[in-house]
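Chemist: Structure provided below as structure tokens; questions to follow.
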Amino acid sequence: MALRLLLDKLSYYLEVKEVRRVERAYTFAEKCHEGQLRQSGDPYITHPLAVAHILADMHMDHESLMAAMLHDVIEDTGVTKGQISRRFGRPVADLVDGVSKLTEIEFESKAVQQAESFQKMTLAMSRDIRVVLVKLADRLHNMRTLGSMAPDKQLKIASETKFLYAPLAHRLGLHSIKGELEDLALLYTKPEVYHEIENKLKSTKDARNRFIRQFIAPIREALQFEGYVF
């Protein structure tokens with residue numbers, strides 16, 4: 001079902017042959033990850049599929065979507081970059097390899113994290129920015145499902161997200177992704193602050209909506225006067 005939803009989404013902006021290539025990458029990844037589970041207990045293939053959905057919402061090209069499907073096969077299975085290249089082409093293999101190398105980054109301190117990691121990210125972007133976009137989508141889904149991890153892992157991953165991935169998304173102009181990464185990072189690094197903000201937003205929702213309606217009313221009237229129909 002999730003795959004069909006993705007393929008339907010892709011059919012709106014990709015050619016039929018490109019959608020089929022993405023489906024082939026999914027089938028291959030599903031076979032490679034067979035028997036592997038996420039910490040949540042879900043089949044591992046649900047993760048690359050979710051990453052592909054995020055990229056599809058950004059209208060990314062078919063090679064990026066194929067790389068999303070395959071981004072963990074080098075790290076987590078016995079598949080090599082050469083095998084991916086022969087099966088799916090050199091551009092896709094380079095993207096998968098690039099994402100895998102970014103995943104290997106280890107953070108020893110905040111200083112190292114901000115210096116070395118940003119340098120490696122910048123280098124990756126200079127070669128193919130799609131590597132970073134796939135990695136950001138990967139991190140976003142991992143943050144959305146972080147609740148199944150152990151508390152120490154949650155704190156480590158959320159801290160990395162706060163200091164590295166959210167600022168990177170901001171620099172790339174991906175404001176919705178940046179905002180969600182920051183919100184999720186706050187949930188795990190400072191849960192009391194997160195819930196305080198959440199409660200305040202809920203308590204003021206009606207008042208804010210009322211203000212917005214009052215604000216847009218004269219604008220709507222002026223546009224209707226000029227002939228615009230809503």
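The values are calculated or read from the model by the stated rules, or taken from the named source; none is laboratory data. Every value quoted in this text rests on a predicted model; they were computed, and no experiment measured them. All Cβ positions, glycine included, derive from the backbone under ideal geometry; neighbour counts span all protein chains shown. Heavy atoms of the whole protein, side chains included, go into the accessibility calculation; ligands, DNA and RNA do not. Shrake-Rupley method; radii C 1.70, N 1.55, O 1.52, S 1.80 Å.
Chemist: For a bin width of 10 Å, list the pair-distance distribution of the chain built from all Cα-Cα distances, rounded to whole %.
Modeler: Bin by bin from 0 Å, the calculated values are 7, 27, 31, 20, 11, 4, 0.
Chemist: If you don't mind, there's one more thing I want to ask. If the only charges are +1 at each Lys and Arg Cβ and -1 at each Asp and Glu Cβ, what is the size of the charge dipole of segment 160-211 around the Cα centre, to the nearest 20 debye?
Modeler: Working: 9 positive and 8 negative charges, 51 e Å.
In total the dipole reaches around 240 debye.
Chemist: Over the chain, average the accessible area per residue using a 1.4 Å probe and give it in Å², no decimals.
Modeler: Details: 13370 Å² over 230 residues.
Ligands and nucleic acids excluded, the figure is 58 Å² per residue.
Chemist: Largest first, what is the accessible-area ranking of Val79, Val16 with a 1.4 Å probe?
Modeler: Values: Val79 20, Val16 95 Å².
Of Val79, Val16, the descending order of accessible area is Val16, Val79.
Chemist: Okay, moving on. Percent of accessible area on the chain owned by carbon and sulfur, 1.4 Å probe?
Modeler: Numbers: 7240 of 13370 Å².
It is 54 percent, rounded to a whole number.
Chemist: Mind checking which of Phe215, Phe88, Phe118 has the largest fluctuation in a GNM of the chain, springs on alpha carbons under 10 Å?
Modeler: Highest fluctuation among the options: Phe215.
Chemist: Specify the longest stretch of the chain that does not include any exposed loop site, a site being one of the GluC sites (Glu not before Pro) with a non-H, G, I, E, B DSSP assignment and at most 14 other Cβ atoms within 10 Å. Before the final figure, lay out the partial values.
Modeler: Values: sites that count: Glu15, Glu34, Glu104, Glu106, Glu108, Glu226.
The answer is 109-225.
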